[in-house]
1. Take Val280, Val215, Val115 and sort them by solvent-accessible surface of the protein heavy atoms, 1.4 Å probe, largest at the top.
2. Mind putting a number on the dipole of the stretch 152-251 about its Cα centre? Charges go on the C-beta only, +1 for Lys and Arg and -1 for Asp and Glu, and I need it in Debye to the nearest 20.
3. How would Leu79, Leu21 line up by accessible area, probe 1.4 Å, largest first?
4. For the stretch 107-251, treating each Cα as an identical point scatterer without solvent, what Debye log10 I(q)/I(0) comes out at q = 0.09, 0.17, 0.22 1/Å?
5. Can you compute the helix-only [θ] at 222 nm over the chain? Use -39500 (n - 2.57) per DSSP H run of at least 4 residues, normalise by all residues, nearest 500 deg cm²/dmol.
6. Per Stokes-Einstein, at 37 °C and 0.692 mPa s, what whole-number D in µm² s⁻¹ belongs to the chain, with the Kirkwood radius over Cα pairs as the hydrodynamic radius?
7. Can you list the chymotrypsin sites (Phe, Trp or Tyr not before Pro) in the stretch 167-208 that are in a DSSP coil and have 12 or fewer other beta carbons within 10 angstrom?
8. Would you mind working out the magnitude of the charge dipole of the chain relative to its Cα centre, with +1 at each Lys and Arg C-beta and -1 at each Asp and Glu C-beta, to the nearest 20 Debye?
Amino acid sequence: MSGTPMKQTAPMLARRPAFKLEGLPIIVVFFVLIGLFIGFAPTVFLNWPIYNSFLVTIPPMLILSLGLTLVIAAGEIDLSFPAVIALSGFLFAYVTRHFGMPWLGLAAAIAGGAVIGIINGWLVAVIGIPSIIITIGTSFFWSGVATVLSGGMSYTLQRLTGSAINGVFAGTLFGIPAEAFWALGVAVAVWFILNRHRFGEHLLFIGDSREVARVVGINTMRERIKLFVLMGALAGFASVLMTLENLSYFPTQGQGILLSALAAVFIGGTSVFGGSATVVGSFFGALIIGMLDAGIVATGVAGFWVEVIVGLVFVSAVVLHIGLDDPARLRLLHRRLRGRT
């Protein structure tokens, strides 16, 4: 992915005016969907268990989508995080089972993801290989490494039941799953990085125009390597949440989450071309993607309609985002349609 000509400076993008509600279109879509689900399945969506389930299952994908938001803001892409989840999950499970040190396993999982991020970032920023190509290649490689190291076998971690680490990352606080608090904390941290920190400002500059970023003195190689390291570390952390919730590790852990995380970022309003991103949009986008399947089934709609409805929600969210953020584009489309009639 490459940057586009600058339409406005990254600092202006990073420091949005206080009166503008970030991610408004996707927030509207989220509450409309909740209203529809309540209307069609009140016995399910007016009770806490369904939301408790969402707060357990959505956080790992939400954390990944937040990391991807920063990656895409810089005009890059990372498709290797499902493999990072598999390998980091193995590191956590292996250290926990063989050394009885789950906290060391946590550090190993995050460090493993960060090391993969360093390799990805170095190949992209220093060698100059397009990120979409290199992360597809490293995804196959690290997924294979995880399978080889684990022997294709799953690991049970039932010994962690009632342990401190399980309580911290997969327990409850005031009846709310701990995973939800960790995901919210990551979301707040990523929002501040993107909107209030120099690193986020640099990423937006790089995504808007890499050449201009160099001219203004940004070390684009260093910042892009840091970006992939952060993405890898977040994927490693997400793998630990998944493993602790299930109290088991599977070599296929992380498969099937790629498109969900990408969809959450794009329907949230982050530009596919880089230079513009919204953390709040990705946050609500992940909530929508995470609850759609269960919500659609709960309303009584046949399961084979799920993908059709997901596609409609995706397109509707994007169109609404364009309409609210760029009304001029919709007016132009309207004039063109009228001219053809």
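1. Val215, Val115, Val280
2. 300 debye
3. Order by accessible area, largest first: Leu21, Leu79.
4. Computed log10 I(q)/I(0) values: -0.37, -1.05, -1.34.
5. -23500 deg cm²/dmol
6. 157 µm²/s
7. Phe174
8. 880 debye
The values are calculated or read from the model by the stated rules, or taken from the named source; none is laboratory data. The structure displayed is predicted, hence computed values, not measured ones. So basically every Cβ, Gly included, is an ideal-geometry build from the backbone, and we count neighbours across all protein chains shown. Note: areas computed on protein heavy atoms with side chains; ligands, DNA, RNA excluded. Shrake-Rupley method; radii C 1.70, N 1.55, O 1.52, S 1.80 Å.
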